[in-house]
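The values are calculated or read from the model by the stated rules, or taken from the named source; none is laboratory data. Just so it is clear, the structure is predicted and the values come from calculations on it, not from any experiment. Virtual Cβ from ideal backbone geometry, glycine too; neighbours counted across all protein chains shown.
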Amino acid sequence: MSVEIRMPKLGETVVEGIIVRWLKRPGDIVRADEPLAEVESDKVSTDLPSPVSGVVEELCAQEGEVVPVGKVICVIATEEGADRGPGPGQGDGGDRAESAGKAREAVAKAGYDPEKGHRYSPAVRRLAREHGIDPESVRGTGAGGRVTKRDMLRAIEEKTRSGRSEAAPPEAEEFAYGRDARDEILPLTSMRRAIAQRMVRSVQTAPHAWTMVEVDVTNLVEWRESIKAEFRRREGVNLTYLPFVIKAAVEALKEYPIMNSMWEDDQIVIRKQINIGVAVDLEDGLIVPVIHNADQLSIAGIAKAVADLATRARAGKLRPQDVQGGTFTINNTGAFGSILSAPIINYPQAAILSMETITRRPVVIGDGIAIRWMVNLCVSLDHRILDGAVCGRFLRSVKQRLESYHKGMPLY
C-alpha cells in the first residue's frame, strides 16, 4: 500500500514550506517517526518525521522547492506494499537509483553539495541552492568563521552587482534606479518577506493605540541579584528579568481576560488558554515562539521555557507547534537598551506588551528624592477590541505585581 506524505502546516499563518533537504531517497527504508526531510517556513525549520514505516517510493518535490501546505511531497510504500514489490508507476530498484541520481545531479548543478549541508544553517543552505553559490567559497563572519545568512546575502549581492556591471555602465544604473551603483541591495528572505506582510496587515487592519506605565522594580532587582547565581548553578540557564514580567502579565491577563482575546469575523473571541508569545531576535528577523499554558508555570518554569525556546529558535530547531497558538505577545526590547517603544500587534491578537531596559533614575518618594531601579512597560492595543481604560487597568495590575516582588517570595 502506498501512503502519500503532504507538506505540513508549519504555523498558523503559514501557507507554504520549503524542502530544504531530503534525508531519504527513493529506495531507502524509513521507519515511523524517522526524519524524511528538513523543511522550512518563514517561522520554523524542522525535520519532517515519517508517519509510517516502509520504503520511499517517490519524491514529488525537489530540494529548494516552495511547496503549498497540503501538497504531496513524497510517497512511501508501506511494509505490505513493499512485500508485493513495485506497483504500477513505482518502478524497480534501477529506476529508484536513477531518480535519486538525478535529484543529486540537479542539486550539484545549483552549485551546492548536500553532503556539506550539515555545517550550515537551513537558511544558508537554501540561499546556496537558490542562487548557485557554494558556501565553501564565502568568507564567514560568524563564530569560528561560520557562514551566516548575512554572509550569503552579501555574496549574492556581489554576484548580482558583478552581473549588472557587465550588462550596463554605472551611470546608466544610477539614472534608471535613482541610486548610487555602490549601494548594497539585500534580497528578501522568506522570513523577511513574511514579517513585512504580517506587519503591513496588522497596521492596516487593526487600529493601533498605545499606552505606558513606569514601574519601580528596585525590590525585584535586589531579589534577582540574590538568587541568580544559585539559579544558574541549579537549572543551567540564566535568570533574566523577562520571566518575572511574563508571570506578572499572566496574572493580570487572568484578571482582565479581554486582553487575552482576538478579532475574528466581526466578533471578539476571548481565549481561555493563556499562551504567551516571546519575541526572539534572529540573524535576519524576528520569530515568536510560544509558551503554552504559561499560567500553569512558576517563575522558574517560565525562565526555563524562555531559555529553551530562544536556544532552539536561534539553532533552527523549533517545531511547528512551538510557533502556534499564541494569545498574547511580550517583547523584551529593553535587552537592546530601549527605554520606550511602540510595538506592532502580533495580529490577530488584541495587544502586545514591551518591556524596556531597567535603569537607575531619581524618583520622588514622599517629600524626598531617591535613586530607584525603574522600567517602562509599553502596550500597543487593537482599538476595535480594547479601550485605554481596560489597558490602563491591565498595566496597573502588572505594575503592582512587579512592585510587590521581593526577597523571600517563592520562585518555584
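Side notes on the structure shown:
- Count of residues meeting criterion [assigned to a loop (DSSP other than H, G, I, E, B) and without any contact (Cβ under 8 Å) to a residue 24 or more places away in the chain] in the stretch 390-407: 0
- Only a single criterion out of (1) surrounded by fewer than 19 Cβ atoms within 10 Å (Cβ to Cβ); (2) of a type in the set (Val, Ile, Thr); (3) under 28 Å from PRO207 (Cα atoms) is not satisfied by ILE345, namely (1).
- Residue list for the stretch 266-287, filter: among the β-branched types (Val, Ile, Thr) and free of Cβ contacts under 8 Å to residues at least 24 places away in the same chain: VAL269, ILE270
- Here GLU225 qualifies as surrounded by fewer than 17 Cβ atoms within 10 Å (Cβ to Cβ) and under 25 Å from GLY334 (Cβ atoms).
- Selection from the stretch 294-332 of residues that are within 25 Å of PHE231 (Cα to Cα), surrounded by 19 or more Cβ atoms within 10 Å (Cβ to Cβ) and among the polar types (S, T, N, Q): ASN331, ASN332
- Whichever residue in the stretch 242-270 is of a type in the set (Val, Ile, Thr) and part of a helix (DSSP H, G or I) and, among such residues, is farthest from ILE358 (Cα to Cα): ILE258
- Of the strands (runs of 3 or more DSSP E) lying entirely inside the stretch 288-389, the ones with 1 or more residues being without any contact (Cβ under 8 Å) to a residue 40 or more places away in the chain are found at 351-355, 359-365, 368-382.
- Here VAL364 clears all of (1) in contact with a Phe, Trp or Tyr (Cβ under 6 Å, 6 or more places away or on another chain); (2) farther than 30 Å from LYS149 by Cα except the condition numbered (1).
- Residue match in the stretch 259-276 (condition: more than 24 Å from GLU403 (Cα to Cα), modelled with pLDDT of 95 or more, in the same structural domain as PRO320 (by TED's automatic domain parsing) and basic (Lys, Arg)): yes
- Within the stretch 243-285, the set of residues being of a type outside the set (Lys, Arg) and loosely packed, with under 14 Cβ neighbours inside 10 Å comprises GLU255, PRO257, GLU264, ASP265, ASP266, GLN267, ILE270, GLN273.
- Residue within the stretch 383-390 that is buried (at least 19 other Cβ atoms within 10 Å of the Cβ) and either of a type outside the set (Lys, Arg) or within 29 Å of the chain's Cα centre (by Cα) (or both) present: yes
- Residue check: LEU239 meets all listed conditions (1) in contact with a Phe, Trp or Tyr (Cβ under 6 Å, 6 or more places away or on another chain); (2) in a helix (DSSP H, G or I) but one, namely (2).
- Helices (runs of 4 or more DSSP H) within the stretch 105-194 that include 2 or more residues at pLDDT below 75 and exposed (fewer than 13 other Cβ atoms within 10 Å of the Cβ): 149-167, 170-177
- Boolean, ILE385 is modelled with pLDDT under 95 and among the β-branched types (Val, Ile, Thr): no
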